[in-house]
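Chemist: Okay, handing you the structure first.
The values are calculated or read from the model by the stated rules, or taken from the named source; none is laboratory data. Please read all numbers here as calculations on a predicted model, not as lab measurements. Glycine gets a Cβ as well: all are built from the backbone with ideal geometry, and neighbour counts include every protein chain shown. Note: accessible area is taken over every heavy atom of the protein model, side chains too, but ligands, DNA and RNA are not part of it. Shrake-Rupley method; radii C 1.70, N 1.55, O 1.52, S 1.80 Å.
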Amino acid sequence: MPQLNQKVIELVTQKYISPIAVFGSHLDKMITIINTENGTLFHISHDSSYAFKDKDGNHWHTILKCFPFDDKLYYPVLGDKYILNERMTIHFTTKEAIIEIAAVYFEDFLVHKHENKTINQNDFLTNTETAQDISPLFFNT
């Protein structure tokens, strides 16, 4: 996919913590990045169809020629919003907007954001302990 923009290449080549899985590479015709716990996903097909789905059933898609639903054909244009089955909302927007939505969402799952976190001593305390209760264990006081 030589036309993929740099932001997509960065999204696909990043290292993510679990539960994020990446299927495909920036060289493939189909790419999916998915949160395996809640179903949030970003999908690219042939560098022409971009989609993002969040855990609440909201969908963002690039413009399709048409799509079928309940034996009818719909012809969306930029900015259209369709509510299907009262559970799924589809927003039709640009690929740049979809890439930005995906970048913001998946940024929280990057490995480097979770490395070298500062650990507070209170993280190790039980409900009944205080830092003073355990400090003799670690320091000669």
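Chemist: Using beta carbons and a limit of 9 Å, which pairs, at least six apart or on different chains, have the first residue in the stretch 68-92 and over 21 Å from Lys55 (Cα atoms) and of a type in the set (Ser, Thr, Tyr) and the second one in a loop (DSSP other than H, G, I, E, B) and open to solvent by 100 Å² or more (accessible area, probe 1.4 Å)?
Modeler: As it stands, the answer is Tyr75/Lys65, since those pairs meet every condition given.
Chemist: Name the single residue, out of those in the stretch 13-33 being open to solvent by less than 70 Å² (accessible area, probe 1.4 Å) and of a type in the set (Gly, Ala, Ser), that is farthest from His46 (Cα to Cα).
Modeler: Here the residue is Ala21.
Chemist: Another question about this same structure. Which of (1) loosely packed, with under 11 Cβ neighbours inside 10 Å; (2) within 26 Å of Asn5 (Cα to Cα); (3) modelled with pLDDT of 90 or more is the odd one out, the single condition Leu73 does not satisfy?
Modeler: Of everything listed in (1) loosely packed, with under 11 Cβ neighbours inside 10 Å; (2) within 26 Å of Asn5 (Cα to Cα); (3) modelled with pLDDT of 90 or more, Leu73 misses just condition (2).
Chemist: Inspect the stretch 129-139 for any residue being modelled with pLDDT under 75, open to solvent by less than 100 Å² (accessible area, probe 1.4 Å) and not in a helix (DSSP H, G or I) and give the result as yes or no.
Modeler: Applying the first criterion (modelled with pLDDT under 75) to the stretch 129-139 yields 129-139.
Then drop every residue that is not open to solvent by less than 100 Å² (accessible area, probe 1.4 Å), which leaves 129-131, 133-136.
Narrowing the set further to residues that are not in a helix (DSSP H, G or I) leaves 129-130.
Among the residues of the stretch 129-139, at least one is modelled with pLDDT under 75, open to solvent by less than 100 Å² (accessible area, probe 1.4 Å) and not in a helix (DSSP H, G or I), which makes the answer yes.
Chemist: Say whether the condition of being modelled with pLDDT under 80 and surrounded by 10 or more Cβ atoms within 10 Å (Cβ to Cβ) is met by at least one residue in the stretch 111-119. Break it down into steps so the answer makes sense when it comes.
Modeler: Initial filter on the stretch 111-119 (modelled with pLDDT under 80): 112-119.
Narrowing further to those that are surrounded by 10 or more Cβ atoms within 10 Å (Cβ to Cβ): 113-114.
So far as the stretch 111-119 goes, yes, one or more of its residues are modelled with pLDDT under 80 and surrounded by 10 or more Cβ atoms within 10 Å (Cβ to Cβ).
Chemist: While we're looking at this one, here's another question. Report the residue count in the stretch 24-55 for those that are hydrophobic (A, V, I, L, M, F, W, C) and in contact (Cβ under 8 Å) with a residue 60 or more places away in the chain.
Modeler: 2
Chemist: Let me ask something else about it. Suppose we filter the stretch 73-111 for residues that are within 18 Å of Asp56 (Cα to Cα), among the aliphatic types (A, V, I, L, M) and over 10 Å from the mean Cα position of the chain (by Cα); how many remain?
Modeler: Here the count works out to 5.
Chemist: Go through the stretch 34-60 and give me each residue that's of a type in the set (Ser, Thr, Tyr) and open to solvent by 50 Å² or more (accessible area, probe 1.4 Å). Quick ask: steps written out before the conclusion?
Modeler: Of the stretch 34-60, the ones of a type in the set (Ser, Thr, Tyr) are 36, 40, 45, 48-50.
Across the stretch 34-60, the qualifying residues are Thr36, Ser48.
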